[in-house]
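Each remark here refers to the structure printed beneath this line.
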Amino acid sequence: TSAVQITDLGKTYPGATDPALTGVSLSVARGEIVVLLGLSGSGKSTLLRHINGLEHPSTGSVVSLGEDVPTLTGRALRELRGRIGFIFQQFEIVGPLTVLENVLTGSLATLRGPRVGIWSYPKQLRLKALGHLDRVGLLERAYQRADTLSGGQQQRVAIARALMQDPEILLADEPVASLDPESSGQVMGLIREIAAERGLTVVCSLHQVELALGWGDRIVGLRAGQVVLDTTTDGLSKDQ
Ligand code: ADP
Ligand code: ADP
């Protein structure tokens with residue numbers, strides 16, 4: 001069964017003259033690691049945001065984890081989003097909070113009510129968060145303010161946060177676009193390792209061909225809102 005099944009998806013934003021996506025079809029198998037490769041404005045974010053229902057299609061269908069996404073509302077939509085982690089170019093880390101608090105907020109989907117401070121989270125979640133911080137190599141930073149961390153470290157915090165909901169799919173929107181080459185390599189490597197450990201399905205947008213080539217199992221190229229390439233990387237220069 002597919003993790004994601006997109007059929008003839010079209011999207012035109014309100015007031016826009018040109019469509020952001022046209023006739024996009026894409027099937028992603030469970031456990032597959034897919035790169036969406038394209039220039040800025042090619043529709044990568046728009047496509048990712050349809051997978052967890054952050055955007056509503058103009059035409060076509062989007063089925064994620066067996067759910068017909070555009071028909072979901074309220075609790076059903078929240079439940080689906082709980083099964084799909086998302087990391088962003090700008091990390092979306094809350095600077096004044098500690099690293100551990102940032103990771104704990106990733107469990108909010110499964111908890112009721114607002115939480116202030118780490119002690120309002122059940123012990124089992126605190127331990128889980130610390131475990132994820134250990135996995136991304138930041139255990140010793142747990143009680144530090146998040147804004148004292150480098151960009152690469154903040155993105156690793158965002159990865160730990162996304163893991164708190166035990167996602168089946170991880171969506172990553174240009175996760176290394178604001179990082180230097182060394183941190184980019186670390187973050188991409190970490191995403192790949194964690195995906196393999198957990199059998200996660202990953203759809204990650206990138207604009208750098210070199211990064212994409214050695215990283216994904218499959219590359220889907222977007223240009224002006226259309227799929228212009230869809231290939232496994234086996235035949236490409238994956239030998240490092
Ligand atoms: P990418 O992620 O590849 O940079 P986007 O999906 O962000 O591409 O954008 C695709 C196109 O849709 C661009 O022309 C962009 O300006 C437009 N777009 C994106 N978001 C919106 C929005 N909220 N409202 C109107 N147009 C948008
Ligand atoms: P990216 O290229 O990484 O998608 P952008 O800088 O294009 O980032 O977009 C940042 C935010 O602005 C996104 O939420 C996007 O949906 C929105 N956006 C992009 N283009 C437009 C647009 N033409 N009109 C309104 N919102 C837009």
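Values as computed for the structure displayed
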| item | result |
| --- | --- |
| Scan of segment 35-75 for residues that are within 16 Å of ligand 2 (Cβ to nearest atom), among the β-branched types (Val, Ile, Thr) and out of contact with any Cys (no Cβ under 6 Å at 6 or more places or on another chain), ordered by number | Thr46, Ile51 |
| Any hit, segment 93-107, residues being within 16 Å of ligand 1 (Cβ to nearest atom), β-branched (Val, Ile, Thr) and in contact (Cβ under 8 Å) with a residue 12 or more places away in the chain | no |
| Failed item in (1) without any contact (Cβ under 8 Å) to a residue 60 or more places away in the chain; (2) surrounded by fewer than 21 Cβ atoms within 10 Å (Cβ to Cβ); (3) more than 23 Å from Ser25 (Cβ to Cβ), with Val228 passing the rest | (3) |
| Test for Arg112: is it modelled with pLDDT under 95, outside any loop (DSSP other than H, G, I, E, B), away from ligand 2 (no atom under 16 Å from the Cβ) and surrounded by fewer than 14 Cβ atoms within 10 Å (Cβ to Cβ) | no |
| Answer residue from segment 173-184, given it is closer than 16 Å to Val136 by Cα and not in a loop (DSSP other than H, G, I, E, B) and is farthest from ligand 2 (Cβ to nearest atom) among those | Glu182 |
| Yes/no for Thr17 being free of Cβ contacts under 8 Å to residues at least 12 places away in the same chain, among the hydroxyl-bearing types (Ser, Thr, Tyr) and within 25 Å of Leu222 (Cα to Cα) | yes |
| Residue match in segment 68-82 (condition: surrounded by fewer than 22 Cβ atoms within 10 Å (Cβ to Cβ), away from ligand 1 (no atom under 16 Å from the Cβ) and in contact (Cβ under 8 Å) with a residue 60 or more places away in the chain) | yes |
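Here is a yes/no grid of residues against (1) surrounded by fewer than 22 Cβ atoms within 10 Å (Cβ to Cβ); (2) in a strand (DSSP E or B):
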residue	(1), (2)
Leu9	no, yes
Tyr13	yes, no
Asp18	yes, no
Thr22	yes, yes
Val35	no, yes
Gly41	yes, no
Leu47	no, no
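The values are calculated or read from the model by the stated rules, or taken from the named source; none is laboratory data. Just so you know, these numbers come straight off a predicted model, no measurement behind them. Note that each Cβ is placed from the backbone with ideal geometry, even for glycine, and that neighbours are counted across all protein chains shown.
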